[in-house]
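The values are calculated or read from the model by the stated rules, or taken from the named source; none is laboratory data. Just so you know, these numbers come straight off a predicted model, no measurement behind them. Cβ: placed from backbone, ideal geometry, glycine included. Neighbour counts: every protein chain shown. Accessible surface areas use protein heavy atoms only, side chains included; no ligands, DNA or RNA. Shrake-Rupley method; radii C 1.70, N 1.55, O 1.52, S 1.80 Å.
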Amino acid sequence: MNLQQLTQELNIAAKRAGAFIRQEAETFDRAHIEMKGFANMVSYVDKQAEEMLVEDLRKVLPEAGFITEEGTDTTRQERYNWVIDPLDGTSNFTHGLPLFSVSVGLMEYNEIVAGVVYGVMQDECFWAYKGGGAYCNGKRLQVSDITELGQSLVITGFPYYEETRAKQYLEILHAFMARSHGFRRLGSAALDLAYVAAGRAETFFEYNLQPYDVAAGIILVQEAGGQVSMFGDGDDFLFGKEIIGSNGHVHQQIKDTINEFWQ
Ligand code: IPD
Ligand code: CA
Ligand code: CA
């Protein structure tokens, strides 16, 4: 199977898991919430959606391993690994706020070569594969052409359980407040990156994220003509727990602003 076919199968799997999540969203009872840590929630919905994805993707590419948020399968393989967040935006989901997604990337060695972010309640399926462009529901995606931070909409996220750098982070937010068109905190890092790919915002940045939060979004931004980096010089934005995704034009301005405060 080539990358295009793999991505088509991935779309089908993500939509199947998404349909299950959408159905459960209608009747979800907060009594089902379990706490993995302070403000870090999970439920049977995350777990069952992940089981569905693993079951489907095992058939699609039997030689691939898995990195999964809920630990359904932790078998790693050398060449291919699926990187799965079955429900990105669990806090939104449990509160009935309709911004959450299914996010799956395919990693070949250490690079993401395909990905799908499925916006469950909007029924928006964002997908991309290396060299093939990025799409949403069949429509080609292109990052925005805005070149000035002053005209940029900035999306970020606040880590729920890592407060050691909170003060620096607030300083960064304060600076962006004065220099940009404004902030959004949507609550699903995967959707945040997909929206940058779709040109709905100029940039997204966050720290303390996990590979499964960003894997699919990385390839979406790259294939839509944007840029992805860490805050500093490294290039391990998949595992390195800090990421900036942008339309490319404002990337340096975003990096410079963050680095005024980020030591
Ligand atoms: C979370 C979301 C959120 C981000 C958190 C993530 P989850 O993922 O992506 O936007 O700010 O850091 O943990 O827990 O809903 O899968
Ligand atoms: Ca997540
Ligand atoms: Ca999750």
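Over 35 Å apart: what share of the alpha carbon pairs of the chain falls there, rounded to a whole percent? Result for the distance tail: 11 percent. The portion of the accessible surface of the chain made up by carbon and sulfur, rounded to a whole percent, is 48 (1.4 Å probe; DNA, RNA and ligands excluded). Legend: distances between Cα atoms for 36/139; 15/36; 47/255; 59/255; pairs beyond 32 Å are 36/139; 47/255; 59/255.
Each Cα pair under 8 Å and six or more residues apart adds its sequence gap; the mean of these over the residue count of the range 149-259 is a relative contact order of 28 percent. Applying the criteria of a DSSP loop state and at most 16 other Cβ atoms within 10 Å to the trypsin sites (Lys or Arg not before Pro) of the range 177-263 yields 185, 200. Which angle between 0 and 90 degrees, to the nearest 10, do you get for helix 44-60 versus the longest principal axis of the chain when only C-alpha atoms count? The helix 44-60 is inclined about 70 degrees to the chain. Mind checking which of 17, 25, 189 has the largest fluctuation in a GNM of the chain, springs on alpha carbons under 10 Å? Looking only at 17, 25, 189, the largest GNM fluctuation is found for 25. In this structure the chain gives 43 Å² per residue of accessible area when probed at 1.4 Å with all protein chains present.
With a/c under 1.5 counting as rounded, go ahead and sort the range 3-140 into rounded, prolate or oblate using the C-alpha gyration tensor (a ≥ b ≥ c being the square roots of the eigenvalues; past the cut-off, prolate if a/b is larger than b/c, else oblate). Oblate, since a/c reaches 1.5 and b/c is not below a/b. For residue 253, the shell of other residues with beta-carbons less than 14 Å away shows a net charge of -2, using +1 for Lys and Arg and -1 for Asp and Glu. Checking every one of the chymotrypsin sites (Phe, Trp or Tyr not before Pro) in the range 43-145 against DSSP loop status and a limit of 11 other Cβ atoms within 10 Å picks out 109. For the range 149-259, the square roots a ≥ b ≥ c of the C-alpha gyration tensor eigenvalues yield an a/c under 1.5, which makes the shape rounded. A Förster radius of 51 Å, combined with the Cβ-Cβ distance separating residue 178 from residue 76, puts the computed FRET efficiency at roughly 0.70.
In a DSSP loop and with at most 16 other Cβ atoms within 10 Å, the GluC sites (Glu not before Pro) in the range 102-200 are 148, 162, 163.
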